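Notes follow the structure.
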Amino acid sequence: MKACTTAALAVVSGAMLGCNRKPAPPPAPPVANVVTITASDFSFAAPDSIPAGLTTVKLSNTGKEPHQVVFIRIDSGKTMTDIANVMKDPNAKIPAWMSFPMGANTVEPGDSSNATAALTAGNYVLICFVSSPNGTPHASKGMVRPVVVTAATGPMAAEPTADITITEKDYTWDISGPITAGMHTFRVENAGPQVHEVQIFQLAPKKTGKDFQAWMTGGMKGPPPATEVGGFVGPMPVAGAHGYFTRTLAAGNYLFICFVPDVKDAKPHVMHGMIKEVTVS
Ligand SMILES: [Cu+2]
């Protein structure tokens, strides 16, 4: 009892030395692996390997151009060279050995975006599909980097709780409810049949989706009528596939746009009408 006597004296003197030990708290539930990726002009700083499981990608854009990070899973023994060959062809369609489980979508310099989804073990490539103003794809300037997803190191983490669900389909998005100003956790599903993304643009004051389309089809001259504020790339249009992203949105007018090339004509889905005006109030 000597220790307790000492502790009791310590309590009297105001220093709490635990004599009445409480039972150890239950172990904290597993949390998503957080992977920090920095995009600059024109490379990614990222780990070479990450464990499988629920993964939150945090993308920071430290460059002077907009950037995104897309995880492409490559199967059938394909390599970076095969990806480079696909990227060389402006009319390329998505080959069956590529899949798109997740990606933190494009943000402007100084901004950051995020994405959360489950990754399975395998070979992946990080890529940025954004092009410079002269049309050169960032991927061909160095924004392509292999990453290996290794076996999981523990049980799957609990998923985030979303307050808005976005369901992608050919060629629009269903949104589960009105989006209010503030922070949201979006769940993204893909009803397919094609691969899609949601790229959110914040429209400049008084600008509309028509202004954006006129700017885009007119050779992107002058300041863009909207800025990129993140979103999610993927998931694959298979049952149960889903992902999450969080974003704080101010009240105003936004566009959802999908630039994924179509399986039939390789034109970006926006050319098939996959552009939607969304008001945040
Ligand atoms: Cu699409």
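The values are calculated or read from the model by the stated rules, or taken from the named source; none is laboratory data. As the structure is a computational prediction, the values presented were derived from the model and not from experiment. Ideal geometry is used to build each Cβ from the backbone, glycine not excepted, and the neighbour counts take in all protein chains shown.
General observations
- Test: Asn114 is farther than 15 Å from Val195 by Cβ and at pLDDT 95 or above: yes
- Every residue from region 221-239 that is touching a residue at least 24 places away in the same chain (Cβ under 8 Å) and either at positive phi or of a type outside the set (A, V, I, L, M) (or both): Thr227, Glu228, Gly230, Gly231, Phe232, Gly234, Pro235, Pro237
- Scan of region 73-103 for residues that are loosely packed, with under 14 Cβ neighbours inside 10 Å and either under 21 Å from Ser60 (Cβ atoms) or of a type in the set (Val, Ile, Thr) (or both), ordered by number: Thr79, Thr81
- Scanning region 115-131 turns up no residue that is on the phi > 0 side of the Ramachandran plot and within 16 Å of the ligand (Cβ to nearest atom).
- Subset tally (residues that are within 15 Å of Thr167 (Cβ to Cβ), part of a loop (DSSP other than H, G, I, E, B) and either within 12 Å of the ligand (Cβ to nearest atom) or in contact with a Pro (Cβ under 8 Å, 6 or more places away or on another chain) (or both)) for region 230-265: 6
- When every residue of region 176-195 is checked against the conditions, at least one turns out to be acidic (Asp, Glu) and within 30 Å of Ala158 (Cβ to Cβ).
- For the criterion of being within 20 Å of the chain's Cα centre (by Cα), near the ligand (Cβ under 10 Å from one of its atoms) and not in a strand (DSSP E or B), Val270 passes.
- Among residues that are over 21 Å from Val229 (Cα atoms) and either surrounded by fewer than 19 Cβ atoms within 10 Å (Cβ to Cβ) or in contact (Cβ under 8 Å) with a residue 60 or more places away in the chain (or both), Thr106 is not included.
- Scanning region 187-208 for residues that are of a type outside the set (A, V, I, L, M) and within 16 Å of the ligand (Cβ to nearest atom) returns Glu189, Asn190, Gly192, Pro193, Gln194, His196, Glu197, Gln199, Phe201.
- Subset of region 213-228 (residues that are away from the ligand (no atom under 16 Å from the Cβ) and modelled with pLDDT under 95): Ala214, Trp215, Thr217, Gly218, Gly219, Met220, Lys221, Gly222, Pro223, Pro224
- Residue pairs whose Cβ atoms lie under 6 Å apart, separated by 6 or more positions or on different chains, with the first residue in region 158-182 and farther than 23 Å from Ser281 by Cβ and the second among the aromatic types (Phe, Trp, Tyr), are Pro160/Tyr244.
- Residue within region 154-167 that is within 16 Å of the ligand (Cβ to nearest atom) and out of contact with any Pro (no Cβ under 8 Å at 6 or more places or on another chain) present: yes
- Considering each residue of region 274-281 in turn, at least one proves to be within 12 Å of the ligand (Cβ to nearest atom), in a strand (DSSP E or B) and either over 18 Å from the mean Cα position of the chain (by Cα) or of a type in the set (S, T, N, Q) (or both).
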